[in-house]
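The values are calculated or read from the model by the stated rules, or taken from the named source; none is laboratory data. Predicted, not measured: the structure shown is a model, and the values here were computed from it. Positions of Cβ are generated from backbone atoms using ideal geometry, with glycine treated the same way; all protein chains shown enter the neighbour counts.
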Amino acid sequence: MIDRVLLQSHSGSICGFTVVTGGAARLVFGYDSYGNTCGRRNEHIEGVRLSGLDHTDRKYVFFLDPCNIDIVQRKIRSIALCVSLCPRHELGTYSDLKTFAMVNGSELCSYELAAHKYAVLPERFNKCPKLPVPPSKPLPVFNRCTPLDVSCYTKFAEAVVTFVGDNSSLHRLIAGVAASKEIIVGLCVLALVLSMILTIIVRFISTVLVWILTSLLVLGSLAGSSVLWWLYIDHRLNRNDTSTKVTKETKEEAELSRDGGQALLVYAAAATVFTVRPGLSSVFGRFPLTSTQCELSV
């Protein structure tokens, strides 16, 4: 139960860290072409123009040319802006864009263009939406202004068909899969059979595996304890030989040698305790004494 709680808390912490630091809000709320997240107060990005804007009131993503879709790169080849309202009716002229911005407070051209000058600015041809602007409505979850015109989706379907029909790499991939379908199916069946056999083997040799692991643990503990006791005895013998042959040993060296010997003694004793206890527990836990054996032993 505790292991399950720890695993779930660890997984939750990893998921939370990913959501917080990975910019997951950009997928839900959307973002413009300058790195700003819509509906949020953004921080300035060094070297990126028009970044760090306050888009608290601009919650929707609006594309200047939403029907210009690049199938290869899997994105819309258009400037994306954060706007406060998607146009519900068709806007046919730049004067309509100006009126829409002045009445609704939603500026559909680039941020550096003043709304009351849309009709006269020379940058309007590149930084304003392509005319006529089709009516659109925001998606219920991802806050993107989606055109209501069906012809836009028709172009998307045509582009997909063209991409699939003209892509030779895709054709080679499909042809390779079709030519090797028998091998692929055979490998899948073989993997299924081997996994079932392995599951059955693990089910019946679990006891053997437990004994092997227990034996390795006991042998490793015995080896560690033996090494510690050997080091302690060797230290004592060297200390006795040195004390009999050398009479001018300094007091500091003697104290250090004595402390080292005491530390080895403590380590060896502790290792012996932790070796004997799991060993006895594993043996008597696997083979508990019966009542008859207890009476005979008494």
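Per-residue answers, yes or no, for (1) surrounded by 16 or more Cβ atoms within 10 Å (Cβ to Cβ); (2) farther than 21 Å from TYR60 by Cα:
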position	(1), (2)
LEU97	yes, no
MET102	no, no
LEU108	yes, no
GLU112	no, no
TYR118	yes, no
GLU123	no, yes
VAL133	yes, no
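Tell me, yes or no, whether the range 159-177 has at least one residue that is in contact with a strand residue (DSSP E or B) (Cβ under 8 Å, 6 or more places away or on another chain), modelled with pLDDT under 90 and surrounded by 10 or more Cβ atoms within 10 Å (Cβ to Cβ).
Yes; the residues of the range 159-177 include at least one that is in contact with a strand residue (DSSP E or B) (Cβ under 8 Å, 6 or more places away or on another chain), modelled with pLDDT under 90 and surrounded by 10 or more Cβ atoms within 10 Å (Cβ to Cβ).
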